[in-house]
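The values are calculated or read from the model by the stated rules, or taken from the named source; none is laboratory data. Being a predicted model, the structure only gives us computed values, none of them experimental. All Cβ positions, even for glycine, are placed from backbone atoms using ideal geometry, and neighbour counts span all protein chains on display.
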Amino acid sequence: MTRIRMQPFFYDFMIFLVKSKKVYFIGLVLLFCSCNSKISKTKYFDKKQSITKHSKHLTIYEKQEGVYIHIKHPEIKNKTYRYFIPINQQSNSTDHQKIKTPINSMIVFSSTHIGMLSELNKTNVIKGVVSKKYVHNKNVIKGIESKKIIEFGEENQPSFEKIISSKAKLIMYSGFTDDFSKSTHLQKLGIHCIPNFDWKEPHPLGKLEWVLLFGYLTGTEKMAKIHVKEVTQKYNQLKKIASKSKTSKTVFSGNLVGEHWWAPGGNSYKAKLFKDAKCEYRYQKNRKKGSINMHFEKILIDNKNTNYWFNPGFKNKKLILQNNPKSIHFESFKNNNIFCYSHNKNKFWEVSACHPDYVLADLIQILHPDINLKRDLYFYKKINEK
């Protein structure tokens, strides 16, 4: 074993401490200093202390020196984006990207981002979107029409010149690819690029919690916390009401796109909504978080007698048959038990992430006629004959 040699001065100092009965104190100090840094970090960022409780990909920690935001990539193992919002300019973190808030100008590349900013009364910070045709919020539409908000087209090929001209300090993107195009160059110019994986969340309340990210970035975290708390309570109350229903229906979802039928995976937030509405989703046992694709023959075998068909993506039965004539064989088609939000898709995609309670209430009203929630359907509508 290698022996540790002490310098004479340090040796005499230790003898002095022992004689002065301070050895217990110094022992604690040495023990603390020798702690493994990896363990220390793990304890420091204990997920149980996160502001988010249902999200799988977003964790937020409030510390004395500032707020730490961790965004976990859903597809790339061990990849986490780390951001730090300091309490004051002296606060710092070496392994986190420092963000000065509140952010007063940003580009957003998803309808859900617009909806979350709208919930916080912060649509005025939006300087760029994908396209007007995907927007529901009237103020954002006016901003686009008056040229105050720039249309960028698809997020994977944004114009570098347009980004600079927008004077945005932050870009929120959906993370369909690894990193945002030109993110390294933009960061050098003081423009933060933050991925948003709310669309990968397996729980509707986890998807909801991404509004907290916008809250901390825009200085409206108190409002965001109140919103998340209230919606979570309403959602859980509705779930409890549905559990007491005496009826239980079978449902399937999606439609034929090309040669494959696309439906929510059994571990997706949509499947969770069906489960919490107390109905049997045919592919509940499938463990995929995103969409699953199957041949139509299998869908027909599995769902010929299924009670309800949700989200076919068309406004009426005539269009459904034009897309897939064999849809006529579904009992749900014959009985006209087909529901969708296709009459106002932008409203659904923009608002539903912030209000999973509205979506759950709609499903309960449709699937459980014995329950009277004393409200009209907010997102969903029965598909018309023509």
So, Asn286, is that one more than 29 Å from Glu119 (Cβ to Cβ) and at pLDDT 95 or above or not? no
Taking the residues in the range 199-232 that are surrounded by 24 or more Cβ atoms within 10 Å (Cβ to Cβ) and of a type in the set (D, E, K, R) as candidates, determine which candidate is nearest to Arg287 (Cα to Cα). Glu201
Within the range 101-111, is even one residue free of Cβ contacts under 8 Å to residues at least 24 places away in the same chain and assigned by TED's automatic domain parsing to the domain that holds Glu154? no
Within the set of pairs 6+ apart or on separate chains, which have a first residue in the range 211-233 that is in contact (Cβ under 8 Å) with a residue 40 or more places away in the chain, a second that is of a type in the set (Phe, Trp, Tyr) and in a helix (DSSP H, G or I), and C-beta atoms under 8 Å apart? Thr220/Phe214; Ala224/Phe214; Ala224/Tyr216
Condition check: over 24 Å from Ala361 (Cα atoms) and in contact (Cβ under 8 Å) with a residue 60 or more places away in the chain. Does Asn305 satisfy that? no
For Ser55, indicate whether it is at pLDDT below 90 and surrounded by 14 or more Cβ atoms within 10 Å (Cβ to Cβ). no
Residues in the range 327-366 that are under 21 Å from Val231 (Cβ atoms) and either outside the structural domain of Gly313 (by TED's automatic domain parsing) or aliphatic (A, V, I, L, M) (or both): how many? 8
Restricting to the range 250-267, count the residues that are over 23 Å from the mean Cα position of the chain (by Cα) and either assigned to a strand (DSSP E or B) or crowded, with 18+ Cβ neighbours inside 10 Å (or both). 8
Restricting to the range 268-288, name every residue that is assigned to a loop (DSSP other than H, G, I, E, B), within 23 Å of the chain's Cα centre (by Cα) and buried (at least 18 other Cβ atoms within 10 Å of the Cβ). Ser268, Ala277, Tyr283
Looking at the range 131-145, can you tell me whether even one residue there is of a type outside the set (D, E, K, R) and more than 26 Å from Tyr341 (Cα to Cα)? no
Which members of the range 93-122 meet the condition of being farther than 15 Å from Leu170 by Cβ and surrounded by 12 or more Cβ atoms within 10 Å (Cβ to Cβ)? Ser93, His96, Ser111, Thr112, Gly115, Ser118, Glu119
Can you list residue pairs whose Cβ atoms sit under 7 Å apart, with the first residue in the range 70-95 being in a loop (DSSP other than H, G, I, E, B) and the second being small (Gly, Ala, Ser)? Count only pairs 6 or more apart in sequence or on different chains. Ile87/Gly66; Ser91/Gly66
Could you name every one of the helices (runs of 4 or more DSSP H) located completely within the range 104-170 that has at least 2 residues being within 21 Å of Lys188 (Cβ to Cβ) and more than 23 Å from the chain's Cα centre (by Cα)? 160-166
Name the residues in the range 163-192 that are crowded, with 16+ Cβ neighbours inside 10 Å and either of a type in the set (Val, Ile, Thr) or farther than 19 Å from Thr80 by Cα (or both), would you? Ile163, Ser166, Ala168, Lys169, Ile171, Leu186, Ile191
